[in-house]
Amino acid sequence: MLNKKNKEALFNPLSKDNPVLVQILGICSTLAVTVSLEPAIVMGISVIAVLAFSNVIISLIRNTIPSTIRIIVQLVVVAALVIIVQQILIAYNYEVSKQLSVFIGLIITNCILMGRLEAFALNNRPWPSFLDGIGNGLGYTIILVIVAFFRELLGSGTLLGYQVIPQWCYDHGYENNGLMILPPMALITVACIIWVHRARNTELQEN
Amino acid sequence: MNKNSNSYQIIYSAIMVVLVGAVLALIYMNLKPKQDVNIANDTRSQILSALHIAVASDDEIPATYEKYITQDLLVDLEGNVLDSAKNCAFDVDMKKNMKLDENERQLPVFKCTLDDGSVKFVIPVYGAGLWGPIWGYVAVNDDGNTIYGADFSHESETPGLGARITEDAFQDQFVAKELYQDGEFKNVSVMKKGQTPTDGSDYVDAISGATITSRGVGAMMKQCMAAYDPFFKKLQSVTE
(Lines give C-alpha, C1' and ligand atoms only; values in the text may rest on other atoms or scores of the structure.)
Protein backbone atom coordinates (compact mmCIF):
# COMPACT_ATOMS: atom_id res chain seq x y z
CA MET A 1 0.00 0.00 0.00
CA LEU A 2 2.67 2.49 1.02
CA ASN A 3 5.84 1.50 -0.80
CA LYS A 4 8.64 3.98 -1.30
CA LYS A 5 7.17 5.56 -4.41
CA ASN A 6 3.75 6.02 -2.84
CA LYS A 7 5.28 7.52 0.27
CA GLU A 8 7.08 10.01 -1.90
CA ALA A 9 3.83 10.88 -3.67
CA LEU A 10 2.20 11.54 -0.32
CA PHE A 11 4.94 13.26 1.67
CA ASN A 12 7.15 15.05 -0.87
CA PRO A 13 4.53 17.76 -1.57
CA LEU A 14 4.52 18.67 2.12
CA SER A 15 7.96 20.25 1.97
CA LYS A 16 10.53 19.30 -0.69
CA ASP A 17 8.05 19.48 -3.57
CA ASN A 18 5.48 21.81 -2.02
CA PRO A 19 2.99 23.03 -4.65
CA VAL A 20 3.06 26.63 -3.40
CA LEU A 21 6.66 27.02 -2.25
CA VAL A 22 8.49 25.00 -4.89
CA GLN A 23 6.11 24.52 -7.81
CA ILE A 24 4.71 28.06 -7.27
CA LEU A 25 1.17 26.94 -8.12
CA GLY A 26 -2.09 28.16 -6.62
CA ILE A 27 -0.74 31.60 -5.76
CA CYS A 28 -3.94 33.42 -6.79
CA SER A 29 -6.12 31.60 -4.29
CA THR A 30 -3.40 32.01 -1.67
CA LEU A 31 -3.90 35.77 -2.06
CA ALA A 32 -7.65 35.59 -1.98
CA VAL A 33 -8.49 33.46 1.03
CA THR A 34 -5.72 34.05 3.56
CA VAL A 35 -7.07 37.24 5.14
CA SER A 36 -8.31 35.13 8.04
CA LEU A 37 -7.77 31.57 9.19
CA GLU A 38 -11.25 30.12 8.80
CA PRO A 39 -11.69 30.54 5.03
CA ALA A 40 -8.11 29.35 4.56
CA ILE A 41 -8.87 26.09 6.35
CA VAL A 42 -12.17 25.61 4.50
CA MET A 43 -10.46 26.24 1.18
CA GLY A 44 -7.66 23.83 2.09
CA ILE A 45 -10.05 21.00 2.92
CA SER A 46 -12.05 21.59 -0.27
CA VAL A 47 -8.93 21.50 -2.41
CA ILE A 48 -7.70 18.30 -0.74
CA ALA A 49 -11.03 16.58 -1.49
CA VAL A 50 -11.42 17.78 -5.06
CA LEU A 51 -7.76 17.19 -5.92
CA ALA A 52 -7.75 13.63 -4.58
CA PHE A 53 -10.93 12.59 -6.40
CA SER A 54 -10.20 14.32 -9.70
CA ASN A 55 -6.76 12.70 -9.64
CA VAL A 56 -8.38 9.28 -9.21
CA ILE A 57 -10.95 9.84 -11.96
CA ILE A 58 -8.40 11.10 -14.45
CA SER A 59 -6.08 8.27 -13.55
CA LEU A 60 -8.87 5.72 -14.14
CA ILE A 61 -9.65 7.02 -17.62
CA ARG A 62 -6.08 8.03 -18.49
CA ASN A 63 -5.66 5.36 -21.15
CA THR A 64 -8.73 6.47 -23.09
CA ILE A 65 -8.07 10.22 -23.17
CA PRO A 66 -6.88 11.53 -26.54
CA SER A 67 -3.79 13.60 -25.78
CA THR A 68 -4.94 16.50 -27.94
CA ILE A 69 -8.02 17.24 -25.84
CA ARG A 70 -6.71 16.09 -22.46
CA ILE A 71 -6.82 19.60 -20.91
CA ILE A 72 -10.52 19.93 -21.78
CA VAL A 73 -11.24 16.50 -20.32
CA GLN A 74 -9.45 17.44 -17.12
CA LEU A 75 -11.35 20.69 -16.89
CA VAL A 76 -14.70 18.97 -17.37
CA VAL A 77 -13.91 16.39 -14.69
CA VAL A 78 -12.84 19.03 -12.17
CA ALA A 79 -15.75 21.35 -12.89
CA ALA A 80 -18.32 18.55 -12.73
CA LEU A 81 -16.88 17.27 -9.47
CA VAL A 82 -16.93 20.70 -7.85
CA ILE A 83 -20.50 21.38 -8.96
CA ILE A 84 -21.72 18.01 -7.69
CA VAL A 85 -20.16 18.68 -4.30
CA GLN A 86 -21.75 22.12 -4.21
CA GLN A 87 -25.21 20.84 -5.14
CA ILE A 88 -25.10 18.11 -2.50
CA LEU A 89 -24.01 20.64 0.12
CA ILE A 90 -26.86 23.03 -0.76
CA ALA A 91 -29.32 20.18 -0.26
CA TYR A 92 -27.86 18.63 2.89
CA ASN A 93 -25.69 21.22 4.61
CA TYR A 94 -26.74 24.69 3.58
CA GLU A 95 -24.55 26.53 6.11
CA VAL A 96 -21.33 25.00 4.78
CA SER A 97 -22.44 25.55 1.18
CA LYS A 98 -22.93 29.25 1.89
CA GLN A 99 -19.40 29.50 3.20
CA LEU A 100 -18.01 27.54 0.28
CA SER A 101 -19.91 29.31 -2.49
CA VAL A 102 -17.11 31.79 -3.12
CA PHE A 103 -14.50 29.06 -3.25
CA ILE A 104 -16.18 27.08 -6.02
CA GLY A 105 -14.77 29.30 -8.73
CA LEU A 106 -11.39 29.42 -7.04
CA ILE A 107 -11.14 25.63 -6.83
CA ILE A 108 -11.94 25.09 -10.50
CA THR A 109 -9.31 27.59 -11.61
CA ASN A 110 -6.71 26.48 -9.08
CA CYS A 111 -3.56 25.73 -11.05
CA ILE A 112 -2.54 23.01 -8.58
CA LEU A 113 -5.43 20.87 -9.82
CA MET A 114 -4.58 21.06 -13.49
CA GLY A 115 -0.89 20.85 -12.65
CA ARG A 116 -1.22 17.60 -10.72
CA LEU A 117 -3.66 16.04 -13.20
CA GLU A 118 -1.29 16.83 -16.02
CA ALA A 119 1.96 15.93 -14.28
CA PHE A 120 0.90 12.95 -12.20
CA ALA A 121 -2.55 11.44 -12.70
CA LEU A 122 -2.16 11.08 -16.48
CA ASN A 123 0.84 8.76 -16.01
CA ASN A 124 0.10 6.91 -12.79
CA ARG A 125 -2.29 4.37 -11.38
CA PRO A 126 -5.29 5.47 -9.27
CA TRP A 127 -3.90 4.69 -5.81
CA PRO A 128 -0.63 6.67 -6.15
CA SER A 129 -2.68 9.43 -7.83
CA PHE A 130 -5.01 9.54 -4.86
CA LEU A 131 -2.04 9.86 -2.47
CA ASP A 132 -0.49 12.52 -4.67
CA GLY A 133 -3.75 14.47 -4.52
CA ILE A 134 -3.92 14.24 -0.74
CA GLY A 135 -0.26 15.16 -0.39
CA ASN A 136 -0.41 18.20 -2.64
CA GLY A 137 -3.67 19.32 -1.07
CA LEU A 138 -2.07 19.11 2.37
CA GLY A 139 1.05 20.93 1.21
CA TYR A 140 -1.16 23.72 -0.13
CA THR A 141 -3.25 23.84 3.05
CA ILE A 142 -0.20 24.11 5.31
CA ILE A 143 1.05 27.20 3.49
CA LEU A 144 -2.45 28.72 3.43
CA VAL A 145 -2.79 28.26 7.16
CA ILE A 146 0.66 29.73 7.92
CA VAL A 147 0.02 32.79 5.75
CA ALA A 148 -3.49 33.25 7.15
CA PHE A 149 -2.18 32.93 10.71
CA PHE A 150 0.14 35.91 10.31
CA ARG A 151 -2.28 37.97 8.24
CA GLU A 152 -5.19 37.54 10.63
CA LEU A 153 -3.04 38.01 13.76
CA LEU A 154 -1.28 41.17 12.55
CA GLY A 155 -4.09 42.50 10.36
CA SER A 156 -7.13 42.03 12.59
CA GLY A 157 -5.67 41.02 15.98
CA THR A 158 -7.81 37.88 15.95
CA LEU A 159 -7.37 34.16 15.28
CA LEU A 160 -10.31 32.15 13.91
CA GLY A 161 -12.43 35.18 14.77
CA TYR A 162 -11.43 35.28 18.46
CA GLN A 163 -9.67 38.36 19.79
CA VAL A 164 -6.14 37.36 20.82
CA ILE A 165 -4.39 40.71 21.11
CA PRO A 166 -5.65 42.07 24.44
CA GLN A 167 -7.43 45.38 24.71
CA TRP A 168 -4.68 47.01 26.78
CA CYS A 169 -2.31 46.78 23.82
CA TYR A 170 -4.74 48.93 21.85
CA ASP A 171 -5.13 51.26 24.83
CA HIS A 172 -1.37 51.75 24.81
CA GLY A 173 -1.29 52.74 21.16
CA TYR A 174 -1.01 49.40 19.32
CA GLU A 175 -2.77 49.43 15.96
CA ASN A 176 -3.76 46.58 13.65
CA ASN A 177 -1.67 46.68 10.51
CA GLY A 178 -4.18 47.47 7.75
CA LEU A 179 -1.62 46.54 5.09
CA MET A 180 -1.70 42.91 6.23
CA ILE A 181 -5.26 42.41 5.04
CA LEU A 182 -4.50 43.70 1.56
CA PRO A 183 -3.39 41.25 -1.17
CA PRO A 184 0.25 42.46 -1.51
CA MET A 185 1.08 41.28 1.99
CA ALA A 186 0.01 37.75 1.07
CA LEU A 187 2.67 37.73 -1.64
CA ILE A 188 5.28 39.15 0.71
CA THR A 189 4.39 36.63 3.41
CA VAL A 190 4.59 33.76 0.91
CA ALA A 191 7.93 35.10 -0.31
CA CYS A 192 9.25 35.17 3.26
CA ILE A 193 8.14 31.57 3.75
CA ILE A 194 9.86 30.57 0.48
CA TRP A 195 13.00 32.37 1.67
CA VAL A 196 13.09 30.47 4.98
CA HIS A 197 12.20 27.21 3.22
CA ARG A 198 15.04 27.54 0.70
CA ALA A 199 17.53 28.58 3.32
CA ARG A 200 16.77 25.36 5.19
CA ASN A 201 16.66 23.11 2.09
CA THR A 202 19.92 23.88 0.33
CA GLU A 203 19.27 21.32 -2.43
CA LEU A 204 16.47 23.56 -3.72
CA GLN A 205 18.78 26.52 -4.31
CA GLU A 206 19.82 27.34 -7.85
CA ASN A 207 23.49 28.02 -8.46
CA MET B 1 -7.27 2.21 -32.20
CA ASN B 2 -5.83 5.59 -33.04
CA LYS B 3 -6.69 7.82 -30.11
CA ASN B 4 -5.75 10.97 -31.94
CA SER B 5 -7.93 10.43 -34.99
CA ASN B 6 -10.56 13.10 -35.51
CA SER B 7 -13.51 10.74 -35.18
CA TYR B 8 -12.23 9.29 -31.89
CA GLN B 9 -11.79 12.76 -30.43
CA ILE B 10 -15.22 13.94 -31.53
CA ILE B 11 -16.99 10.83 -30.27
CA TYR B 12 -15.00 10.90 -27.02
CA SER B 13 -15.83 14.50 -26.25
CA ALA B 14 -19.47 14.05 -27.28
CA ILE B 15 -19.92 11.08 -24.97
CA MET B 16 -18.12 12.90 -22.17
CA VAL B 17 -20.31 15.99 -22.46
CA VAL B 18 -23.55 14.01 -22.64
CA LEU B 19 -22.52 11.84 -19.71
CA VAL B 20 -21.44 14.71 -17.48
CA GLY B 21 -24.49 16.75 -18.49
CA ALA B 22 -26.82 13.87 -17.69
CA VAL B 23 -25.22 13.24 -14.30
CA LEU B 24 -25.40 16.93 -13.37
CA ALA B 25 -29.01 17.23 -14.52
CA LEU B 26 -29.99 14.11 -12.62
CA ILE B 27 -28.36 15.30 -9.41
CA TYR B 28 -29.86 18.76 -9.79
CA MET B 29 -33.39 17.45 -10.35
CA ASN B 30 -33.20 15.05 -7.45
CA LEU B 31 -31.86 17.61 -5.03
CA LYS B 32 -33.94 20.59 -6.17
CA PRO B 33 -36.88 20.18 -3.72
CA LYS B 34 -34.51 19.88 -0.76
CA GLN B 35 -32.48 22.85 -1.96
CA ASP B 36 -35.58 25.03 -2.34
CA VAL B 37 -36.61 24.27 1.23
CA ASN B 38 -33.13 25.20 2.46
CA ILE B 39 -33.03 28.43 0.47
CA ALA B 40 -36.49 29.48 1.71
CA ASN B 41 -35.47 28.69 5.27
CA ASP B 42 -32.29 30.68 4.84
CA THR B 43 -34.31 33.69 3.70
CA ARG B 44 -36.57 33.29 6.71
CA SER B 45 -33.62 33.11 9.09
CA GLN B 46 -32.14 36.27 7.52
CA ILE B 47 -35.40 38.13 8.12
CA LEU B 48 -35.46 36.85 11.70
CA SER B 49 -31.82 37.81 12.16
CA ALA B 50 -32.63 41.39 11.12
CA LEU B 51 -35.10 41.33 14.03
CA HIS B 52 -32.40 39.98 16.39
CA ILE B 53 -34.27 36.69 16.77
CA ALA B 54 -31.92 33.73 17.01
CA VAL B 55 -33.22 30.31 15.98
CA ALA B 56 -31.61 27.31 17.64
CA SER B 57 -32.04 24.74 14.86
CA ASP B 58 -33.05 24.78 11.22
CA ASP B 59 -36.20 22.78 11.94
CA GLU B 60 -37.62 25.55 14.08
CA ILE B 61 -37.19 28.28 11.48
CA PRO B 62 -40.60 27.96 9.74
CA ALA B 63 -42.53 27.90 13.03
CA THR B 64 -40.58 30.83 14.50
CA TYR B 65 -41.04 32.76 11.28
CA GLU B 66 -44.81 32.19 11.31
CA LYS B 67 -44.91 33.33 14.91
CA TYR B 68 -43.23 36.70 14.44
CA ILE B 69 -43.93 37.70 10.83
CA THR B 70 -47.58 38.56 11.14
CA GLN B 71 -48.31 40.00 7.73
CA ASP B 72 -46.81 40.33 4.25
CA LEU B 73 -47.47 43.61 2.46
CA LEU B 74 -46.92 44.90 -1.03
CA VAL B 75 -46.91 48.69 -1.24
CA ASP B 76 -46.67 51.04 -4.22
CA LEU B 77 -44.46 54.09 -4.60
CA GLU B 78 -47.07 56.30 -2.94
CA GLY B 79 -46.99 54.08 0.15
CA ASN B 80 -50.45 52.57 -0.43
CA VAL B 81 -50.91 48.94 0.45
CA LEU B 82 -51.70 46.95 -2.69
CA ASP B 83 -51.80 43.44 -1.39
CA SER B 84 -51.56 41.72 1.96
CA ALA B 85 -52.07 38.09 1.02
CA LYS B 86 -50.03 35.48 2.86
CA ASN B 87 -46.44 35.22 1.59
CA CYS B 88 -47.05 37.90 -1.08
CA ALA B 89 -43.87 39.71 -0.01
CA PHE B 90 -41.92 36.52 0.65
CA ASP B 91 -42.50 35.34 -2.92
CA VAL B 92 -41.14 38.52 -4.49
CA ASP B 93 -37.93 37.89 -6.43
CA MET B 94 -35.89 40.98 -5.55
CA LYS B 95 -33.57 40.57 -8.49
CA LYS B 96 -36.46 40.80 -10.94
CA ASN B 97 -38.28 43.36 -8.84
CA MET B 98 -35.35 45.79 -8.95
CA LYS B 99 -35.18 45.60 -12.73
CA LEU B 100 -38.81 46.61 -13.21
CA ASP B 101 -39.79 50.07 -14.29
CA GLU B 102 -40.17 52.39 -11.28
CA ASN B 103 -43.95 52.70 -11.65
CA GLU B 104 -44.53 48.97 -12.01
CA ARG B 105 -42.65 48.02 -8.87
CA GLN B 106 -44.52 46.58 -5.94
CA LEU B 107 -42.45 46.99 -2.83
CA PRO B 108 -42.42 44.07 -0.40
CA VAL B 109 -42.67 44.73 3.35
CA PHE B 110 -42.78 42.22 6.18
CA LYS B 111 -44.82 43.32 9.16
CA CYS B 112 -43.59 41.72 12.36
CA THR B 113 -44.80 41.69 15.93
CA LEU B 114 -42.22 40.94 18.59
CA ASP B 115 -42.70 39.32 21.99
CA ASP B 116 -43.10 42.68 23.72
CA GLY B 117 -45.86 43.64 21.29
CA SER B 118 -43.83 46.21 19.36
CA VAL B 119 -44.32 46.28 15.60
CA LYS B 120 -41.39 46.32 13.15
CA PHE B 121 -41.31 46.54 9.39
CA VAL B 122 -38.66 44.53 7.56
CA ILE B 123 -37.59 45.91 4.17
CA PRO B 124 -35.66 43.70 1.74
CA VAL B 125 -32.75 45.39 -0.04
CA TYR B 126 -30.83 44.15 -3.07
CA GLY B 127 -27.73 45.50 -4.79
CA ALA B 128 -24.32 44.76 -6.25
CA GLY B 129 -21.07 44.07 -4.40
CA LEU B 130 -17.65 43.62 -5.95
CA TRP B 131 -18.07 40.15 -7.48
CA GLY B 132 -21.77 39.48 -7.39
CA PRO B 133 -25.10 40.42 -5.86
CA ILE B 134 -25.47 41.43 -2.24
CA TRP B 135 -28.79 41.64 -0.41
CA GLY B 136 -30.16 42.09 3.01
CA TYR B 137 -33.10 42.81 5.29
CA VAL B 138 -33.48 46.02 7.26
CA ALA B 139 -35.91 46.13 10.17
CA VAL B 140 -37.41 49.57 10.85
CA ASN B 141 -39.35 50.59 13.96
CA ASP B 142 -43.01 51.52 13.56
CA ASP B 143 -42.01 55.19 13.76
CA GLY B 144 -40.81 54.75 10.15
CA ASN B 145 -37.46 56.31 11.03
CA THR B 146 -35.23 54.31 13.38
CA ILE B 147 -33.50 51.14 12.20
CA TYR B 148 -34.05 48.25 14.58
CA GLY B 149 -31.67 45.78 12.98
CA ALA B 150 -30.08 44.73 9.70
CA ASP B 151 -28.86 41.52 8.13
CA PHE B 152 -26.75 41.33 4.98
CA SER B 153 -25.79 38.44 2.75
CA HIS B 154 -23.76 38.04 -0.38
CA GLU B 155 -23.14 35.52 -3.11
CA SER B 156 -19.43 35.73 -3.79
CA GLU B 157 -17.67 38.56 -1.95
CA THR B 158 -14.04 38.00 -0.93
CA PRO B 159 -13.82 35.96 2.29
CA GLY B 160 -12.32 38.01 5.11
CA LEU B 161 -12.92 41.31 3.27
CA GLY B 162 -16.23 42.01 1.54
CA ALA B 163 -17.76 38.89 3.04
CA ARG B 164 -17.51 40.57 6.44
CA ILE B 165 -20.75 42.46 5.73
CA THR B 166 -22.42 39.31 7.09
CA GLU B 167 -20.71 39.70 10.47
CA ASP B 168 -22.50 41.13 13.48
CA ALA B 169 -19.76 43.71 14.02
CA PHE B 170 -20.76 45.39 10.75
CA GLN B 171 -24.50 44.78 10.90
CA ASP B 172 -24.95 45.97 14.47
CA GLN B 173 -23.65 49.40 13.50
CA PHE B 174 -26.97 50.02 11.77
CA VAL B 175 -28.97 49.62 14.96
CA ALA B 176 -30.64 52.86 16.16
CA LYS B 177 -29.51 54.80 13.10
CA GLU B 178 -32.15 57.19 11.79
CA LEU B 179 -33.28 57.38 8.18
CA TYR B 180 -34.65 60.90 8.49
CA GLN B 181 -32.89 64.06 9.62
CA ASP B 182 -35.19 67.02 10.39
CA GLY B 183 -38.05 65.32 8.60
CA GLU B 184 -36.09 64.83 5.39
CA PHE B 185 -35.21 61.38 4.01
CA LYS B 186 -31.42 61.07 4.24
CA ASN B 187 -30.74 57.34 4.52
CA VAL B 188 -27.77 55.73 6.28
CA SER B 189 -24.40 56.21 4.61
CA VAL B 190 -21.45 53.83 4.69
CA MET B 191 -18.33 55.91 5.21
CA LYS B 192 -14.61 55.21 5.34
CA LYS B 193 -13.53 55.21 8.97
CA GLY B 194 -12.92 58.75 10.17
CA GLN B 195 -14.99 60.46 7.49
CA THR B 196 -18.46 61.91 7.88
CA PRO B 197 -21.15 62.33 5.21
CA THR B 198 -21.62 65.86 3.88
CA ASP B 199 -25.44 65.65 3.79
CA GLY B 200 -25.74 65.23 7.56
CA SER B 201 -27.14 61.69 7.39
CA ASP B 202 -26.43 59.01 9.95
CA TYR B 203 -23.51 56.79 8.97
CA VAL B 204 -21.70 53.55 9.72
CA ASP B 205 -18.02 52.61 9.25
CA ALA B 206 -17.08 50.81 6.07
CA ILE B 207 -14.99 47.62 6.16
CA SER B 208 -11.31 48.39 5.64
CA GLY B 209 -9.91 46.63 2.60
CA ALA B 210 -13.40 46.15 1.14
CA THR B 211 -14.10 49.57 -0.35
CA ILE B 212 -16.25 48.41 -3.26
CA THR B 213 -18.43 46.04 -1.25
CA SER B 214 -18.92 48.74 1.41
CA ARG B 215 -19.87 51.25 -1.25
CA GLY B 216 -22.23 48.62 -2.65
CA VAL B 217 -23.98 48.37 0.71
CA GLY B 218 -24.30 52.17 0.84
CA ALA B 219 -25.68 52.33 -2.69
CA MET B 220 -28.04 49.44 -2.01
CA MET B 221 -29.42 51.17 1.09
CA LYS B 222 -29.83 54.41 -0.80
CA GLN B 223 -31.53 52.91 -3.83
CA CYS B 224 -33.83 50.46 -2.07
CA MET B 225 -34.82 52.41 1.02
CA ALA B 226 -35.56 55.63 -0.86
CA ALA B 227 -38.48 53.97 -2.67
CA TYR B 228 -40.15 53.42 0.71
CA ASP B 229 -40.00 57.12 1.59
CA PRO B 230 -43.80 57.64 1.21
CA PHE B 231 -44.49 54.43 3.14
CA PHE B 232 -42.26 55.60 6.02
CA LYS B 233 -43.86 59.07 5.93
CA LYS B 234 -47.27 57.44 6.37
CA LEU B 235 -45.99 55.47 9.34
CA GLN B 236 -44.63 58.65 10.85
CA SER B 237 -47.90 60.50 10.46
CA VAL B 238 -49.74 57.66 12.17
CA THR B 239 -47.44 57.57 15.19
CA GLU B 240 -47.30 61.33 15.66
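The values are calculated or read from the model by the stated rules, or taken from the named source; none is laboratory data. From a predicted model like this one, the values you see are computed outputs, not experimental measurements. Glycine gets a Cβ as well: all are built from the backbone with ideal geometry, and neighbour counts include every protein chain shown.
Observations on the model:
- Any hit, segment B:16-36, residues being within 11 Å of chain A (Cβ to nearest Cβ), assigned to a loop (DSSP other than H, G, I, E, B) and out of contact with any Ser or Thr (no Cβ under 8 Å at 6 or more places or on another chain): no
- Where a residue in segment B:195-220 is free of Cβ contacts under 8 Å to residues at least 40 places away in the same chain and aromatic (Phe, Trp, Tyr) and its partner, wherever it lies, is surrounded by fewer than 22 Cβ atoms within 10 Å (Cβ to Cβ) and in a loop (DSSP other than H, G, I, E, B), with Cβ under 9 Å and at least six apart: B:TYR203/B:LYS177; B:TYR203/B:GLN195; B:TYR203/B:THR196; B:TYR203/B:PRO197
- Per the listing B:LEU48, B:LEU73, the residue uniquely within 12 Å of B:CYS112 (Cα to Cα) and assigned to a helix (DSSP H, G or I) is B:LEU48.
- Taken together, A:ILE71, A:ILE108, A:ILE88, A:ILE104 contain a single residue that is free of Cβ contacts under 8 Å to residues at least 40 places away in the same chain and over 27 Å from B:ARG44 (Cα atoms), which is A:ILE108.
- Answer residue from segment A:32-46, given it is within 7 Å of chain B (Cβ to nearest Cβ) and aliphatic (A, V, I, L, M) and is farthest from the chain's Cα centre (by Cα) among those: A:VAL35
- Across segment A:175-190, not a single residue is classified as over 30 Å from B:GLY132 (Cα atoms) and part of a helix (DSSP H, G or I).
- Condition check for A:ILE88: at the interface with another protein chain (Cβ under 8 Å from one of its Cβ atoms), within 17 Å of A:SER46 (Cβ to Cβ) and in a helix (DSSP H, G or I): yes
- Within segment B:122-149, being over 12 Å from the mean Cα position of the chain (by Cα), in a strand (DSSP E or B) and not small (Gly, Ala, Ser) holds for B:VAL140, B:ASN141, B:THR146, B:ILE147, B:TYR148.
- Hits in segment B:176-201 (condition: over 29 Å from B:SER156 (Cβ atoms) and in a strand (DSSP E or B)): B:GLU178, B:TYR180, B:GLN181, B:GLU184, B:PHE185
- Within the set B:PHE152, B:PHE90, B:PHE110, B:PHE121, the sole residue that is aromatic (Phe, Trp, Tyr) and free of Cβ contacts under 8 Å to residues at least 60 places away in the same chain turns out to be B:PHE90.
- Meets criteria (closer than 21 Å to A:LEU138 by Cβ and out of contact with any Gly (no Cβ under 9 Å at 6 or more places or on another chain)) for A:VAL73: no
- Restricting attention to segment A:176-207, the residues being at pLDDT below 85 and loosely packed, with under 10 Cβ neighbours inside 10 Å number 5.
- Among the residues making up segment B:95-121, those that are crowded, with 16+ Cβ neighbours inside 10 Å and assigned to a helix (DSSP H, G or I) are B:ASN97, B:MET98.
- Within the set B:ALA219, B:ALA210, the sole residue that is touching a Ser or Thr at 6+ places or on another chain (Cβ under 8 Å) and at pLDDT 85 or above turns out to be B:ALA210.
- Residues in segment A:127-134 include at least one that is out of contact with any strand residue (DSSP E or B) (no Cβ under 8 Å at 6 or more places or on another chain), surrounded by fewer than 16 Cβ atoms within 10 Å (Cβ to Cβ), at pLDDT 85 or above and within 30 Å of A:ASN63 (Cβ to Cβ).
- Residue count for segment A:156-169, restricted to those that are under 21 Å from the mean Cα position of the chain (by Cα) and crowded, with 17+ Cβ neighbours inside 10 Å: 0.
- Only a single item in (1) in a helix (DSSP H, G or I); (2) surrounded by fewer than 12 Cβ atoms within 10 Å (Cβ to Cβ); (3) at the interface with chain A (Cβ under 10 Å from one of its Cβ atoms) is not met by B:ASP59, and it is number (3).
- Residue match in segment B:156-171 (condition: within 16 Å of the chain's Cα centre (by Cα), aromatic (Phe, Trp, Tyr) and not in a strand (DSSP E or B)): yes
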